[in-house]
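Visitor: Pasting a structure here, questions to come.
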Amino acid sequence: MNMWDPGKEAAGAGPGFPTPVPTTTPNSFSAPADGSAPEVTGHLQETYYNLCMEKSQKINSFILHILQEVDEELEKGSEGITLNIAGNSHLMPEERVTGKDFWILFRILKKSPYISGLDVRYNLISDVGAYYAARLLQKQHKLVYLNLMFNDIGPEGGELIAKALHKNTTLKYLRMTGNKIENKGGMFFAAMLQINSSLEKLDLGDCDLGMQSVIAFATVLTQNRTIKGINLNRPILYGEQEESTVHLGHMLKENHCLVELHVCKHNIKNCGIKQLCDALYLNRSLRYLDVSCNKITCDGMVFLADVLKSNTTLEVLDLSFNRLENAGAKHLSETLASHNRSLRALSVVSNNIQGEGLVALSQSMKTNPTLSNVYIWGNQFDEATCVAYSDLIQMGCLKPDNTDVEPFVVDGHVYLAEVSNGLKKHYYWRPTYGEACTNSPNAGFTLVPVGGHL
């Protein structure tokens, strides 16, 4: 088998990576009926086609199509373009981008000053592509957004990207969601945050981080002053001591720059939420706290309701998929009705709350002019609940776009139907039609905009 020659920069050297398998015809690319070469116009599209021919690399028709669209934008004089080659787009049949495809993209993009964003989520670039993503971060000094979500990148690829960010001074938002970089890769990213001074938002959700790396991030963020948003969702934690919340709580007491914190699926219970609440008495920067998918009960809401009486910065609170029940909802309602005037969005989706608790929340919205977004689907609706939220919408206290329910009437009885609105509906998936980052389904990121992308 032919191997990469590490000494040949012109060939895009990548140590240990196999050369692309030669193909003689561009796959899935429509050639003219007379058998002549397909017509290729535009700078980036032409460069991609020629590079594929030169390197005997199979042409990816999806990439070719996207580059054509970018060329059209460039002809209009556009700058700061985001190259969107997401593998989960259903608008057209596509071939997933592989590490070999990304090698060709690297050759094109490293010299393109007009591309400021690259989205290759849900593809198959693996550690091979991660090597070239790292090279791109070293060579391309206009890139501010890079989305590598769910690309089969492992610890080695994570290490390469983290080390490339040591000297990078332009990237603002990196999304590594779903790449299993594990504890080893997480430690390299934590070390990177001690050096990098430009990255503002980092998403390492579903990356199989371990307790060691979560603690490392909490420790580093006590000193880092540039990170405004971080996602540490679903680490692999063992034990019941909630050690991560102790360190995250300490970090929140010391860090006054962090705006957005996601700690879903951290196995946080009432002791853990108390650690975070104790920190929120002192923190004056955090505006978006996501503690969804944990094990918080009504007892934990006592601590949260109390801190919300004095905290004036928290604007978005995601408590979805916990177990607040009626008692927890009442604790929150009392604070929201009489004390707190900073919270703008609250999600209590799927919290086993019954009519009594849901009606109490609706009553708090009548006296609280700031709370504009409430999401309640997945709880136990009775007729009183349905009438209460129908009245809120009719009175104008709750706009239809700011909740996930819509009232309808059958035989004189009011019911609630689900509407596809929420704090982060498009976090994992893209809508088939329309823009992904619209306000109603992604209100959390709209109310607290850290970075221009989900």
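The values are calculated or read from the model by the stated rules, or taken from the named source; none is laboratory data. Predicted, not measured: the structure shown is a model, and the values here were computed from it. When we count neighbours, we look across all protein chains shown, and the Cβ atoms used for this are built from the backbone with ideal geometry, even at glycine. Heavy atoms of the whole protein, side chains included, go into the accessibility calculation; ligands, DNA and RNA do not. Shrake-Rupley method; radii C 1.70, N 1.55, O 1.52, S 1.80 Å.
Visitor: Mind ranking 382-395, 406-419, 213-226 by how tightly packed they are, going by the mean number of other C-beta atoms within 10 angstrom, highest first?
Guide: Averaged packing, sorted descending, gives the order 213-226, 382-395, 406-419.
Visitor: So what is the relative contact order of region 171-214, in percent, for Cα pairs below 8 Å that sit 6 or more residues apart?
Guide: 62
Visitor: Under 16 Å Cα to Cα from K180, which aspartates and glutamates show up? Leave out anything in the same chain fewer than 8 places away.
Guide: Leaving aside aspartates and glutamates fewer than 8 places away in the same chain, those within reach of K180 are D127, D152, E156, E159, D203, D206, D208.
Visitor: By a straight-distance test (C-alpha under 28 Å), which lysines pair with K111 as possible cross-link partners, with residues fewer than eight away in the same chain excluded?
Guide: Correct list for K111: K8, K55, K58, K76, K100, K139, K142, K163, K167, K172, K201.
Visitor: Additional query: Per-residue accessible area for H65 at 1.4 Å probe radius, Å² rounded to 10?
Guide: Its accessible surface works out to 70 Å², give or take rounding.
Visitor: What's the angle, to the nearest 10 degrees (0 to 90), between helix 325-338's Cα axis and the longest principal axis of the chain?
Guide: That works out to roughly 80 degrees.
Visitor: Right, something else. Number of Lys pairs in region 310-454 with C-alpha atoms less than 18 angstrom apart, excluding same-chain neighbours closer than eight positions?
Guide: Close lysine pairs under the 18 Å cut-off: 4.
Visitor: Another question, if that's okay. Assuming a ≥ b ≥ c are the square roots of the Cα gyration tensor eigenvalues, decide whether region 127-248 counts as rounded (a/c under 1.5), prolate (otherwise, with a/b larger than b/c) or oblate. Please report the intermediate quantities before stating the final value.
Guide: Numbers: a/c = 2.12, a/b = 1.40, b/c = 1.52.
Oblate is the answer for region 127-248, as a/c is 1.5 or above yet b/c matches or exceeds a/b.
Visitor: Any idea what the relative contact order of the chain is, in percent, if you count C-alpha pairs under 8 Å spaced at least 6 apart?
Guide: 7
Visitor: If you project the alpha carbons of region 57-101 onto their three principal axes, what span does each projection cover, largest first, in Å?
Guide: That gives 30, 25, 14 Å along the principal axes, largest extent first.
Visitor: Grab the DSSP H runs of the chain that are 4 residues or longer, score each as -39,500 (n - 2.57), total them, divide by all residues and round the 222 nm result to the nearest 500 deg cm²/dmol.
Guide: Calculated mean residue ellipticity at 222 nm is -11000 deg cm²/dmol.
Visitor: On average, how much accessible surface per residue is there in region 313-394, in Å², for a 1.4 Å probe, leaving out ligands, DNA and RNA?
Guide: With the other protein chains kept in place, region 313-394 gives 35 Å² per residue.
Visitor: With the full set of protein chains in place, find how many percent of the accessible area of the chain is carbon and sulfur; take the probe as 1.4 Å.
Guide: 53
Visitor: In addition: Can you tell me the 0 to 90 degree angle between the C-alpha axis of helix 155-164 and the longest principal axis of the chain, rounded to 10?
Guide: Taking Cα atoms only, the helix is inclined about 80 degrees.
Visitor: Give me the accessible area per residue for region 148-272, probe 1.4 Å, as a whole number in Å².
Guide: 35
Visitor: To continue, here is another question. Just to confirm a number: summing +1 for Lys and Arg and -1 for Asp and Glu over residues other than N326 whose beta-carbon lies under 14 angstrom from that of N326, what do you get?
Guide: On the way: positive: R323, K330; negative: D299, E325, E334, E356, D382.
Neighbourhood net charge equals -3.
Visitor: Cβ neighbours within 10 Å, averaged per peptide: list 278-285, 127-134 in order, most packed at the top.
Guide: Numbers: 278-285: 16.2, 127-134: 25.4.
Per-residue Cβ counts within 10 Å, averaged per peptide and sorted highest first, yield 127-134, 278-285.
Visitor: Per-residue counts of other Cβ atoms within 10 Å, averaged by peptide: what ranking do you get for 171-183, 136-148, 48-60, highest first?
Guide: Ranked by mean Cβ neighbours within 10 Å, highest first: 171-183, 136-148, 48-60.
Visitor: Tell me, what is the percent relative contact order of region 316-454, built from C-alpha pairs under 8 Å that lie six or more residues apart? Walk me through the numbers on the way to the answer.
Guide: Details: 250 pairs, mean separation 26.9, N = 139.
Reported relative contact order: 19 percent.
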